[in-house]
Amino acid sequence: MLAGKAMHIAIPLFAILLGLLVGAIVMIITGHNPIEAYGALVAGIFGSSYYFGEMIRTMTPLILGGLAVAFAYRTGLFNIGVEGQLIVGWLASVYVGAAFEAPMAIHLPLSIAAAAVAGALWALVPGILKAKLHIHEVIVSIMMNYIALYTANAIIRTYLLIPGERTESIYPSASLASPFFQSLTEYSRLHYGFLIAVAACLFMWFFLWKTTAGYELRAVGLNANASTYAGMNVSRNIILSMAISGAFAGLAGAAEGLGTFGYMSILSGFTGVGFEGIAVALLGANTALGVFLSAFLFGGLKTGALTMNQQTDVPTELISIVIALIIFFVASSYVVRLMLLKRKKGDK
């Protein structure tokens, strides 16, 4: 048991070290000093309260996107449609936030709930098709990403467009902006969405490990046939899992729409947050705490890359290479461990 837990910790740490090491080798080959570059990277995260605030702001949607992937994976599903669910959640939150003005105690929760419901409904499509017709959720959810992107753009362009290729700004009563957090971080864009992300981590942990419904979801994910034999409704649990996963993704959209921007622009392409959520969940071993720490790392790398580029001329794309290497080494480690386990079973 302890050895298994140690392995879960060791694999991501080893992958991070290897990713940074290979990144340093690439810097040397391209004529850059990796010590200076990584020093600037760290300074871009912890060098000032503004940088730190921007890092937390960046990691907020990554946490929620990672939770969406991790929750589905824990229940035996692979939700690769987080990007689309985030987009519809973003649009729903901004629409409710800009459509009318109301007391914040009503308006803000309603806007957040709209995002969660939109994400959940969008995820229901692959969930229902998986549960009722056994159509693999990966294929459907991938296609739903493109439908979400172009549908959201069409709705904005047709009904919500103002100059600047975007929607109206939301009312202050629906905003997650935090003057308090901003004053602590030299007026960064850090907002209350971070608290929502932390609460979502706690919810995932509590729901999956401390409730009967969560136990059923995990049981169905481990063995659907055995769960059916035990009297569990497999179809219902698959649909519920995808809905909760989609709600997490929708909340990531709310963090962007109600917190970072306060509006939604016509998107020329995917935000990338939904796909990065897959990497966050993988590195975090699909646990709530692991997702939080993984998002911290990814948010730090993405934020610090800007300072690294300004101070050392190292291209920001190098950090994308480092992130890709980390995920590659995590995946490779799992493959190696699987091979070792199979070999041990063969010896026995």
| query | So how many Å³ per residue does the convex hull of the Cα atoms of the stretch 135-282 work out to? | reply | 159
| query | Using alpha carbon centroids, what distance separates the stretch 167-225 and the stretch 65-134, in Å? | reply | 12
| task | Once every Cα of the stretch 9-134 carries one equal point scatterer and solvent is ignored, give the base-10 log of I(q)/I(0) from the Debye formula at q = 0.19, 0.20 Å⁻¹, two decimals. | result | -1.09, -1.13
| Share of alpha-carbon pairs per 5 Å distance bin for the stretch 202-326, given as whole % | 2, 9, 13, 17, 16, 15, 11, 7, 5, 3, 1, 1, 0
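Cβ under 13 Å from residue 85's Cβ, residue 85 left aside: what net charge do those residues give with Lys, Arg +1 and Asp, Glu -1? Don't jump to the answer; show the numbers that get you there.
On the way: positive: none; negative: 83, 137, 256.
Here the count lands on -3.
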| field | Helix-only [θ]222 nm of the chain, DSSP H runs n ≥ 4, -39500 (n - 2.57) each, per residue, nearest 500 | value | -26000 deg cm²/dmol
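Rounded to the nearest angstrom and ordered from largest down, what semi-axes does the equivalent ellipsoid of the stretch 107-162 get from its C-alpha gyration tensor (root of 5λ)?
Values: eigenvalues 130, 55, 9 Å².
Whole-Å semi-axes of the equivalent ellipsoid: 25, 17, 7.
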| request: At 1.4 Å probe size, with no ligands or nucleic acids counted, give the accessible surface of residue 112 in Å², nearest ten. | output: 30
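Can you pull out the GluC sites (Glu not before Pro) in the stretch 208-309 that DSSP calls coil and that have at most 15 other Cβ atoms within 10 Å?
Values: sites: 216, 256, 276; in loops: none.
Those that pass, being in a loop and sparsely packed, number zero.
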| field | Accessible surface of residue 130 - all protein chains present, 1.4 Å probe, nearest 10 Å² | value | 50
| request: Mind jotting down the three principal axis lengths of the chain based on Cα atoms? Whole angstrom, largest first. | output: 68, 57, 33
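Taking the Cα centre as origin and putting +1 on Lys and Arg beta-carbons and -1 on Asp and Glu beta-carbons, what dipole magnitude results for the chain, to the nearest 20 debye?
Working: 18 positive and 14 negative charges, 302 e Å.
That gives a dipole near 1440 debye.
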| For the charge dipole of the chain, defined by +1 on Lys and Arg C-beta atoms and -1 on Asp and Glu C-beta atoms about the Cα centroid, which residue among 175, 124, 152 has the Cα displaced farthest towards the positive pole? | 124
| More than 11 angstrom apart: percent of Cα pairs within the stretch 39-79 | 66
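Ignoring ligands, DNA and RNA, how do 136, 32 rank by accessible area with a 1.4 Å probe, largest first? Walk me through the intermediate numbers first.
Details: 136 95, 32 50 Å².
Order by accessible area, largest first: 136, 32.
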| task | Quick one: among 235, 188, 48, which has the greatest mean-square fluctuation in a GNM of the chain with alpha-carbon springs under 10 angstrom? | result | 48
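Please give the contour-minus-distance gain from residue 213 to residue 162: 0.36 nm per residue of separation, less the Cα-Cα distance, rounded to one decimal in nm. Kindly include the intermediate steps, with their values, before the conclusion.
On the way: separation 51, 0.36 × 51 = 18.36 nm, distance 4.47 nm.
Computed gain between residue 213 and residue 162 is 13.9 nm.
Summing Lys, Arg as +1 and Asp, Glu as -1, what charge do residues with Cβ under 12 Å from the Cβ of residue 295 carry, residue 295 excluded? Mind dumping the intermediate values first?
Details: positive: 57, 302; negative: 276.
Charge balance near residue 295 sits at +1.
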| Volume per residue that the Cα convex hull of the stretch 82-136 spans, once the total is divided by residue count, Å³ | 67
| query | Which ³J(HN,Hα) values in Hz, rounded to whole numbers, follow from the phi angles of the stretch 90-100 under the Karplus curve 6.51 cos²θ - 1.76 cosθ + 1.60, where θ = phi - 60° and Gly and Pro get x? | reply | 4, 4, 5, 5, 5, 4, 5, x, 9, 6, 7
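So what is Rg over Rh here for the stretch 268-324, counting just Cα atoms and using Kirkwood for Rh? Show your work: numbers first, answer last.
Details: Rg = 12.5 Å, Rh = 12.1 Å.
Using only Cα positions, Rg/Rh for the stretch 268-324 is 1.03.
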| Probe 1.4 Å - accessible area at residue 157, Å² to nearest ten | 130
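Starting with the highest mean, order 11-18, 296-303, 173-180 by the number of other Cβ atoms within 10 Å, averaged over the residues of each peptide. Please report the intermediate quantities before stating the final value.
Working: 11-18: 16.8, 296-303: 22.4, 173-180: 18.2.
Result, highest mean first: 296-303, 173-180, 11-18.
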| task | Give me the net charge of residue 30's neighbourhood, meaning all other residues with Cβ under 12 Å from the Cβ of residue 30; Lys, Arg count +1, Asp, Glu -1. | result | -2
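Can you sort 205, 90, 122 by solvent-accessible area, 1.4 Å probe, largest first?
On the way: 205 125, 90 15, 122 55 Å².
Result, largest first: 205, 122, 90.
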| query | Between residue 328 and residue 224, what is the spin-label point distance in nm, taking each point 7 Å from the Cα along the Cα→C-beta axis? | reply | 3.4
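The values are calculated or read from the model by the stated rules, or taken from the named source; none is laboratory data. Everything numeric here is computed off the predicted structure, so don't read it as measured data. Here the Cβ is made from the backbone with ideal geometry for all residues, glycine too, and neighbour counts use every protein chain on show. For accessibility, only protein heavy atoms count, side chains too; no ligands or nucleic acids. Shrake-Rupley method; radii C 1.70, N 1.55, O 1.52, S 1.80 Å.
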